[in-house]
1. In the range C:217-231, which residue that is surrounded by fewer than 18 Cβ atoms within 10 Å (Cβ to Cβ) and either touching a helix residue (DSSP H, G or I) at 6+ places or on another chain (Cβ under 6 Å) or in a loop (DSSP other than H, G, I, E, B) (or both) is nearest to the other protein chains (Cβ to nearest Cβ)?
2. So C:Arg87 ticks every box in (1) of a type in the set (Lys, Arg); (2) surrounded by 15 or more Cβ atoms within 10 Å (Cβ to Cβ); (3) more than 21 Å from the chain's Cα centre (by Cα) but one. Which box is left unticked?
3. Go through (1) outside any helix (DSSP H, G or I); (2) within 11 Å of another protein chain (Cβ to nearest Cβ); (3) closer than 29 Å to C:Ala124 by Cβ for C:Phe213 and report which single condition fails.
4. Condition first: at pLDDT below 85, more than 14 Å from chain C (Cβ to nearest Cβ), within 23 Å of B:Leu75 (Cβ to Cβ) and surrounded by fewer than 20 Cβ atoms within 10 Å (Cβ to Cβ). Can you find one or more residues in the range B:185-195 that meet it?
5. Of all residues in the range B:9-49, count the ones that are of a type in the set (A, V, I, L, M), farther than 29 Å from A:Arg32 by Cβ and modelled with pLDDT under 90.
6. Please find, within the range C:160-205, the residue that is nearest to the other protein chains (Cβ to nearest Cβ) out of those that are aliphatic (A, V, I, L, M) and in a loop (DSSP other than H, G, I, E, B).
7. Take the range C:81-138 and flag every residue that is in a helix (DSSP H, G or I) and within 14 Å of chain B (Cβ to nearest Cβ).
8. Would you confirm whether or not the range C:58-69 contains a residue that is in a helix (DSSP H, G or I), surrounded by 18 or more Cβ atoms within 10 Å (Cβ to Cβ) and aromatic (Phe, Trp, Tyr)?
Amino acid sequence: MIDTTSTYHVAYAVVGVIYAAYAISLWVRARRLRERLAAARIRPEPRPE
Amino acid sequence: MTTIPVSNGTSNSGSSGRSNGTPAPAAPRAVFDWFSAVAALGVVGIYIRAIYFTPIERLQGAAQKIYYLHVPAALAAYIAISITALMSIVYLWLHDERADRLAEAGAEVGLVFLTVVLTSGPLWGHRIWGAWWAWWDMRLTLTLFLWFIVAAYLIVRGGVEEAAMRGRYSAVLAILAALLIPFIHLSVYLFQARLHPMPVVLKPGEPSLPPEMLTTFLLAFAAFALLCIAFIRARYRVGLLRDLAAELAA
Amino acid sequence: MTGRRTPGVVAAAWLIARKDLAIEFRTRTAFLSALVFAVLALCIFYFTWDQSVVPPADRAPGVLWVVLAFSGLLGLQRSFGVEEHDRGIDALLVSPIGREAIYVGKAIGNLVFLFAIQLVAIPALAIFYNLPFGRPLLAVGGIVLLATIGIVAVGTLFSAMAVNTRLAELLLPMLSLPFFVPILMTAAQATTLVFAGRPPAEAWPSLKILIAFDIVFLVACTLAFPYTLEE
């Protein structure tokens with residue numbers, strides 16, 4: 001039996017990082033958008049026309 | 001189909017993109033909810049089970065455990081991409097912006113799972129086949145082209161400002177891509193059939209999978225399918241937030 | 001156009017194709033640059049392989065298809081780019097012409113444009129790579145014909161889409177190349193078989209895929225085209 005433990009460790013780490021990074025990116029994007037949304041609501045713009 | 005279908009509602013406006021008559025939806029409270037928590041716990045559980053409580057395969061050694069991440073990720077990618085294709089048809093039909101957002105979410109999440117397939121696959125192949133990449137492996141090659149198509153789809157979405165036009169463009173692209181996949185499949189098959197016999201390693205259906213391994217597999221399928229749905233829900237909410245912010249800014 | 005009868009789809013498509021080709025014939029800039037690009041690329045690719053390892057005749061099919069794909073993209077790029085200038089597309093949209101006819105007309109114009117490039121590029125390949133003129137080259141012409149229809153079918157649609165995005169010229173290759181994959185794979189394979197002097201029956205499976213691709217995407221892109229225009 002060949003020892004392939006290192007390959008499997010690397011693969012599990014890489015895949016975990018990809019999923020975690022995506023989840024974080026979603027969270028960051030949502031937070032930034034929410035801030036923008038809140039800023040736009042607090043400071044109502046002068047009525048157009 | 002000679003004219004552009006106008007959504008069958010009361011007042012139609014091509015520019016706003018909002019489906020007619022529906023009030024502006026409220027901003028979602030959080031992108032991740034209890035469902036995401038369940039999915040995250042499931043994935044953590046699968047990691048623990050696969051690493052500590054699943055026996056090591058005799059021939060391939062520990063590298064075989066990559067299957068538990070690789071194959072379910074492929075399944076999740078197919079789920080996500082099918083949602084995109086389906087929602088694209090719905091969008092062209094009903095002009096409902098919710099379908100467009102769901103299609104967008106499916107594509108982005110699909111790209112994440114395809115990336116996982118494309119990184120775990122070569123890592124495994126490097127040790128077991130002795131080669132990072134094997135062009136004669138149909139599934140890996142197809143996955144690569146699928147990755148390029150989904151990436152192009154997302155780039156198109158990023159390149160169109162106006163919501164209604166973005167929806168139409170991306171829906172057309174998704175539907176054409178769905179027609180393209182069988183052709184890529186056929187041509188890759190024709191290409192490899194001339195050069196190589198089918199790979200023996202990945203012959204589907206191993207009837208005598210030990211029960212512990214089978215259980216891990218099935219649990220992994222469930223966990224990553226849940227993760228896929230949780231990601232799509234979260235990405236849909238990000239899209240909703242973006243649309244609301246754009247509407248307020250306008 | 002007042003006082004005239006609205007042209008039918010075929011007549012309208014022909015009008016548009018003639019207009020595009022007339023513009024191209026008078027200026028000739030796009031055609032000449034695409035042509036020079038194609039022949040130049042053929043020559044440069046000659047030096048990218050070791051001649052003692054791979055004989056020129058063996059790599060000719062691969063070179064041919066890479067060059068045809070990219071010079072084709074140059075031609076397709078111009079197709080709707082020319083309408084963007086002075087908003088010519090708006091004039092087309094208000095004219096009493098079906099939107100499918102615009103697509104078909106543009107596609108015919110592109111087809112003629114690409115054929116004209118190939119008419120020079122393929123003999124140039126035969127000369128530079130010392131291939132036999134005659135029957136095999138004629139068979140390659142047939143394969144090129146089938147492949148070009150597919151390339152133009154998707155390329156025309158994506159050209160229309162690309163001009164309306166922020167990315168413009170960058171987008172066309174990114175969108176088109178994945179769709180060219182089955183065309184290039186099967187066409188290059190059929191070309192290899194022809195140059196190797198194998199019986200035509202061996203190339204038939206590849207040609208069947210090409211023909212199916214042409215039919216499916218001509219229909220699908222004609223139906224999809226109206227959605228890519230502004231409402």
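1. Residues of the range C:217-231 surrounded by fewer than 18 Cβ atoms within 10 Å (Cβ to Cβ): C:219, C:223, C:230-231.
Add one more test, that the residue is either touching a helix residue (DSSP H, G or I) at 6+ places or on another chain (Cβ under 6 Å) or in a loop (DSSP other than H, G, I, E, B) (or both), and what stays is C:230-231.
On the way: C:Glu230: 7, C:Glu231: 4 Å.
It comes out as C:Glu231.
2. (2)
3. (1)
4. Within the range B:185-195 (the criterion being at pLDDT below 85, more than 14 Å from chain C (Cβ to nearest Cβ), within 23 Å of B:Leu75 (Cβ to Cβ) and surrounded by fewer than 20 Cβ atoms within 10 Å (Cβ to Cβ)), the answer is no, since none of the residues qualifies.
5. The initial filter retains those residues of the range B:9-49 that are of a type in the set (A, V, I, L, M), namely B:24, B:26-27, B:30-31, B:37-41, B:43-44, B:46, B:48.
Imposing the further condition that a residue be farther than 29 Å from A:Arg32 by Cβ reduces the set to B:46, B:48.
Restricting the remaining residues to those that are modelled with pLDDT under 90 gives none.
Summing the residues that are of a type in the set (A, V, I, L, M), farther than 29 Å from A:Arg32 by Cβ and modelled with pLDDT under 90 in the range B:9-49 gives 0.
6. Step one: of the range C:160-205, the residues aliphatic (A, V, I, L, M) are C:160-163, C:167-168, C:170-172, C:174-175, C:177, C:181, C:183-185, C:187-188, C:190, C:193-194, C:196, C:201, C:203.
Among the residues that remain, those that are also in a loop (DSSP other than H, G, I, E, B) are: C:167, C:196.
Details: C:Leu167: 4, C:Ala196: 12 Å.
Applying the filter and picking the extreme gives C:Leu167.
7. Residues of the range C:81-138 in a helix (DSSP H, G or I): C:81-94, C:99-128, C:135-138.
Passing the criteria: C:Ile89, C:Leu93, C:Arg99, C:Glu100, C:Ala101, C:Ile102, C:Tyr103, C:Val104.
8. Yes, the conditions are met somewhere in the range C:58-69.
The values are calculated or read from the model by the stated rules, or taken from the named source; none is laboratory data. Just so it is clear, the structure is predicted and the values come from calculations on it, not from any experiment. Glycine gets a Cβ as well: all are built from the backbone with ideal geometry, and neighbour counts include every protein chain shown.
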